[in-house]
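Asker: The structure under discussion is supplied below as structure tokens; questions concerning it will follow.
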């Protein structure tokens with residue numbers, strides 16, 4: 001992934017409010033299309049120029065060929081705030097981020113995230129590297145906002161259950177490991193939508209923690225169909241269960257793995 005700088009120059013009289021609204025609207029559109037990662041974009045002013053830095057999946061993530069209709073609309077709105085189209089400068093590779101998937105067409109893919117990841121929640125099943133969302137046709141309503149919103153909700157629950165120490169921990173965990181939860185149902189529907197538009201088998205990751213013993217964990221059945229799904233060897237050293245008919249992945253509880 002790459003750190004980029006965007007510079008917005010004023011060409012007419014304007015206000016801070018108009019500039020802030022216009023630039024933040026553009027960044028939101030770019031985020032919901034998967035072209036920038038994360039949620040915070042500090043905006044600095046230097047004379048008549050406003051600048052911000054962001055992390056992008058690829059060097060050319062912000063190329064117009066990757067724009068959604070919402071991004072193009074937000075670009076056009078910049079002029080109403082007296083701003084020119086942004087100048088882009090790629091500062092270099094982000095050493096704290098994962099590398100982006102370089103495969104043209106993975107044989108299968110995974111909808112997976114955690115609260116520490118800012119990258120795309122869609123990953124190659126072959127390499128486990130994140131796939132930029134803008135590479136795919138819009139998921140729903142012209143962009144990938146539905147996936148980003150699901151990711152935000154999943155991460156919020158993950159952070160709660162990892163922190164522990166409050167009653168909300170158990171409710172948050174249920175959202176992540178139950179096929180009856182709201183987050184699962186939304187993610188499952190998105191998984192199906194992604195598979196439909198990409199024509200690539202797409203799996204959903206079902207988080208697992210707790211359990212009484214390693215033996216009991218290994219005897220778990222697929223929670224959707226009740227079938228056998230334990231693998232001989234874990235995929236990517238992480239997924240111990242895989243159900244091809246239900247498109248589900250899961251792990252043996254980390255509490256019982258050394």
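Asker: Against the definition (in contact with a helix residue (DSSP H, G or I) (Cβ under 6 Å, 6 or more places away or on another chain), modelled with pLDDT of 95 or more and outside any helix (DSSP H, G or I)), how does residue 120 come out, yes or no?
Answerer: Yes.
Asker: Of everything in the range 181-210 that's surrounded by fewer than 16 Cβ atoms within 10 Å (Cβ to Cβ) and closer than 19 Å to residue 160 by Cα, which residue is nearest to the chain's Cα centre (by Cα)?
Answerer: So the residue we want is 182.
Asker: Another question, then. Could you grab me the full set of residues in the range 103-117 that are in contact with a strand residue (DSSP E or B) (Cβ under 9 Å, 6 or more places away or on another chain) and surrounded by fewer than 20 Cβ atoms within 10 Å (Cβ to Cβ)?
Answerer: Those that are in contact with a strand residue (DSSP E or B) (Cβ under 9 Å, 6 or more places away or on another chain) and surrounded by fewer than 20 Cβ atoms within 10 Å (Cβ to Cβ): 103, 107, 108, 117.
Asker: Another one. Yes or no: residue 61 under 24 Å from residue 115 (Cβ atoms), at pLDDT 90 or above and outside the structural domain of residue 135 (by TED's automatic domain parsing)?
Answerer: yes
Asker: Continuing with this model, one more query. Just need a number here: residues in the range 12-63 that are closer than 22 Å to residue 101 by Cβ and in a helix (DSSP H, G or I).
Answerer: 3
Asker: Moving to a separate point now. Which of the numbered conditions does residue 182 fail, given that it passes all the others? Conditions: (1) within 30 Å of residue 35 (Cβ to Cβ); (2) in contact (Cβ under 8 Å) with a residue 12 or more places away in the chain; (3) touching a helix residue (DSSP H, G or I) at 6+ places or on another chain (Cβ under 8 Å).
Answerer: Going through the list (1) within 30 Å of residue 35 (Cβ to Cβ); (2) in contact (Cβ under 8 Å) with a residue 12 or more places away in the chain; (3) touching a helix residue (DSSP H, G or I) at 6+ places or on another chain (Cβ under 8 Å), residue 182 breaks only (2).
Asker: Yes or no: residue 52 on the phi < 0 side of the Ramachandran plot, in contact with a strand residue (DSSP E or B) (Cβ under 6 Å, 6 or more places away or on another chain) and loosely packed, with under 12 Cβ neighbours inside 10 Å?
Answerer: No: the conditions fail for residue 52.
Asker: Let me ask something else. Can you pull out every residue in the range 136-160 that is part of a loop (DSSP other than H, G, I, E, B) and closer than 22 Å to residue 101 by Cβ?
Answerer: 136, 137, 138, 139, 144
Asker: Another question about this same structure. Going residue by residue through the range 136-159, is there one that turns out to be touching a helix residue (DSSP H, G or I) at 6+ places or on another chain (Cβ under 6 Å), crowded, with 16+ Cβ neighbours inside 10 Å and free of Cβ contacts under 8 Å to residues at least 24 places away in the same chain?
Answerer: Scanning the range 136-159 turns up no residue that is touching a helix residue (DSSP H, G or I) at 6+ places or on another chain (Cβ under 6 Å), crowded, with 16+ Cβ neighbours inside 10 Å and free of Cβ contacts under 8 Å to residues at least 24 places away in the same chain.
Asker: Can you tell me which of 125, 187, 164 is on the phi > 0 side of the Ramachandran plot and not assigned by TED's automatic domain parsing to the domain that holds residue 33?
Answerer: Every option except 164 fails the conditions.
Asker: Scan the range 22-38 residue by residue and report those that are touching a helix residue (DSSP H, G or I) at 6+ places or on another chain (Cβ under 7 Å), farther than 15 Å from residue 66 by Cβ and touching a residue at least 60 places away in the same chain (Cβ under 8 Å).
Answerer: 22
Asker: So which of 249, 231 ends up being loosely packed, with under 14 Cβ neighbours inside 10 Å, part of a strand (DSSP E or B) and at pLDDT 95 or above?
Answerer: 231
Asker: Could I ask something else about it? Could you tell me which numbered condition residue 120 fails, if it satisfies all but one of (1) over 26 Å from residue 207 (Cα atoms); (2) surrounded by 15 or more Cβ atoms within 10 Å (Cβ to Cβ)?
Answerer: Every condition holds for residue 120 apart from (1).
The values are calculated or read from the model by the stated rules, or taken from the named source; none is laboratory data. Here the structure is a predicted model, which is why all the values come from computation and not from measurement. Glycine gets a Cβ as well: all are built from the backbone with ideal geometry, and neighbour counts include every protein chain shown.
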